[in-house]
1. Can you run phi through the Karplus equation (6.51, -1.76, 1.60; θ = phi - 60°) for segment 114-124 and list ³J(HN,Hα) in whole Hz, with x for Gly and Pro?
2. Search the structure for amide H atoms under 5 Å from the amide H of Val200, placed 1.01 Å from N in the peptide plane, and list their residues when 5 or more places away or on another chain.
3. In whole Hz and in residue order, list the ³J(HN,Hα) couplings for segment 91-97 that follow from phi through the Karplus curve 6.51 cos²θ - 1.76 cosθ + 1.60, θ = phi - 60°; x for Gly and Pro.
4. Over the Cα atoms of segment 168-215, what is the Rg over Rh ratio if Rh follows Kirkwood?
Amino acid sequence: MGFLDGLWRGRESEFDSGSAATNSIQLTKRHSQVSLTKQGAATGNLRVNLSWRMRTSDIMGTQRESLLRHPFKALKPPEVVGHSQSMVNVDLDLGCLYELQDGTRGVVQPLGGLLGDVNGPPYVKLSGDDRFGSASGETIYVNLDHRDAIKRMLVFAYIYDQTPAFDRTHAIVTLYPSNGPRIEIGLDERHPQARSCAVVMIENVKGEIFVRREVKFVYGFQGELDRLYGWGLQWGRGHKSKAER
């Protein structure tokens with residue numbers, strides 16, 4: 001009876017748990033939502049990190065093509081491939097559409113230097129712009145000590161100018177709450193022409209803070225995500241300066 005009861009409780013779980021070694025939760029299409037409030041993690045700074053790298057298959061594909069043309073290269077010792085701009089030709093940006101309880105709406109993103117504020121409205125801040133997929137990636141901080149002022153926040157990622165598709169970057173968004181396991185959302189679905197992706201919604205529902213997987217790819221940029229979720233902001237075409245790049 002106890003064994004069957006354990007199976008039944010497992011089927012009602014709100015999310016897929018990772019192993020004890022990884023201490024993570026993977027949000028999936030089937031189990032897409034978790035309550036930070038129920039986990040005792042609806043306080044402090046929620047860290048949201050975007051990291052990416054070029055898939056190994058892309059790199060190995062180039063090497064195999066080279067061996068077909070130059071078979072004697074197989075006799076040479078392998079070269080050490082560094083994590084350089086030439087190899088990782090990717091520039092993913094992390095952003096956040098926010099709506100506060102008083103009706104204030106806006107965006108935090110690298111374009112335009114709209115980095116936000118973690119200690120004052122909108123209580124969300126972008127740490128900076130990582131162009132080359134470094135180990136630290138890009139990070140947004142959400143101050144959940146001011147959760148009563150927050151209505152909803154949509155974290156999104158977009159490809160900035162002439163870069164490979166999402167399914168080649170092995171991008172992952174990881175949320176690090178103040179308590180409990182980290183929460184992971186992979187962006188490796190095949191949408192070859194997509195330029196932007198709504199990743200995760202952080203929402204205050206009657207005082208309870210929920211994290212919900214979205215992973216909705218669109219072929220435009222922030223304006224299309226805005227229309228999809230009804231934010232109602234005005235958008236214009238933006239470009240990064242050399243300093244921002």
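Only the coordinates and a few stated rules stand behind these numbers; no lab work does. Owing to the predicted nature of the structure, the values given are computational and were not obtained by experimental measurement.
1. 3J(HN,Hα) across segment 114-124, in whole Hz: 8, 8, x, 8, 8, 9, x, x, x, 6, 9.
2. Val155, Glu214, Val215
3. Coupling constants for segment 91-97: 9, 8, 10, 10, x, 8, 7 Hz.
4. On the way: Rg = 12.9 Å, Rh = 12.4 Å.
Ratio value, two decimals: 1.04.
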